[in-house]
Amino acid sequence: MGILTVIKNRVYNDYLMSSRLDEYERIIKELNASGYEQLSVREYNKRLSYGDLEDKKYFINRHDIDTDVATAKEFFKIEKKYNAKATYYFRLSTVDIEFMKEIEEYGSEASYHFEEIAQYCKDKHIKRKEDVINQLDTIKNIFSDNFKSIELKLGRKLETVCSHGDFVNRKLELVNHKIVEDTELRKSLGIKCEAYDKKIMESFDIYISDTQYPKFYTPKPIFEYINQKRVICMLSHPRQWRTNILINSYDNLKRVYEGLMW
């Protein structure tokens, strides 16, 4: 795919695309009609860990709220309509405590989408992987403080977390997940699962992620897997389901600025 096509698709996805929320509702409705129990990452991991998964169909619904909390709230409205549960992972830049409390009170999960390695590198202008490793203890302390701060404001225990992917991670070939490879840190914070843990990822029959126009899903649309796979996990991001011109413009400009300043 040429660079001009990539740019054209990105512009369409961010500024011109019609809302796909009707399609999202269709997904939730069809999963219900097909007998899938729709769970949060927390609930699914709990059953997986204790061997409590029954011989039935499961849909693990995960939202990474990188941007656009307003569209995340539309996901939530649809899920409540069909009594479906999901997990919402919020970055520090998208944390909305009142909305997170509403998610938890309903019975879904609201937790932390962390990116301390990438953010630390941007703040300190670190461009060598070995320099990150040497300062990993400091980064873990920052992660711990942020994690505890969200827990305190939310008034609930966070049991699962999810690492965010940033251009810095790709440049350094070092994912934010590196932080929670520390089992003692996990134990001290009471973290029972990171969304990309091998154990949980390997338990899915298929893992689907949304992606931008024109493909929308990878590897294939979820409709091709309903009733074909017993345990389905789908990752979605608000940006891929409804355009928000102001939020997308801000995020695109921020990405350019961070790239220049780093």
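None of the figures in this text is laboratory data; all of them are computed from the coordinates on show. Because the structure is predicted, anything quoted here is derived from the model rather than measured. In this analysis, Cβ positions are derived from the backbone assuming ideal geometry, glycine residues included, and neighbour counts consider all displayed protein chains.
Worth pointing out:
- Spin-label model, Arg186 to Glu202: label points 7 Å out along the Cα-to-beta-carbon direction sit 1.3 nm apart.
- Considering helices alone, the calculated mean residue ellipticity of the chain at 222 nm is -14000 deg cm²/dmol, with DSSP H runs of length four and up weighted by -39500 (n - 2.57) and normalised per residue.
- Estimated distance in nm for a label pair at Ile7 and Lys171, the labels positioned 7 Å out from Cα along Cα-to-Cβ: 2.1 nm
- Net charge of Cβ neighbours under 15 Å - reference Phe76; Lys, Arg +1; Asp, Glu -1: -3
- Greater than 27 Å apart at Cα, pairs in Lys46/Lys187; Lys77/Lys157; Lys8/Lys57; Lys85/Lys254: Lys8/Lys57; Lys85/Lys254
- Of the DSSP H helices in the chain, those whose Cα atoms cover at least 20 Å axially and whose Kyte score averages -0.5 or more: 136-154, 245-261
- For the chain, size of Cβ-based charge dipole, Lys and Arg +1, Asp and Glu -1, in debye: 360 debye
- Under 17 Å from Lys199, Cα to Cα: aspartates and glutamates that are on another chain or at least 8 residues apart: Glu43, Asp52, Glu159, Glu181, Asp182
- Full extension of the chain between Leu53 and Thr218 yields a length gain of 56.8 nm, computed as 0.36 nm times the residue separation minus the alpha carbon distance.
- Think of segment 19-261 as having a plus end and a minus end, set by charges on the Cβ of Lys, Arg, Asp and Glu; of Val132, Leu39, Ser19, Ser19 sits farthest toward the positive end of this dipole.
- For Ala33 and Lys81, the difference between the fully extended length at 0.36 nm per residue and the C-alpha to C-alpha distance is 15.9 nm.
- Only Lys, Arg (+1) and Asp, Glu (-1) charged, at Cβ; segment 155-231 dipole about Cα centre in debye: 140 debye
- Candidates Ala84, Ala33, Ala72: whichever shows maximal mean-square fluctuation once the chain is modelled as a Gaussian network with Cα springs under 10 Å: Ala33
- Span from the segment 28-107 Cα centroid across to the segment 213-227 one, whole angstrom: 19 Å
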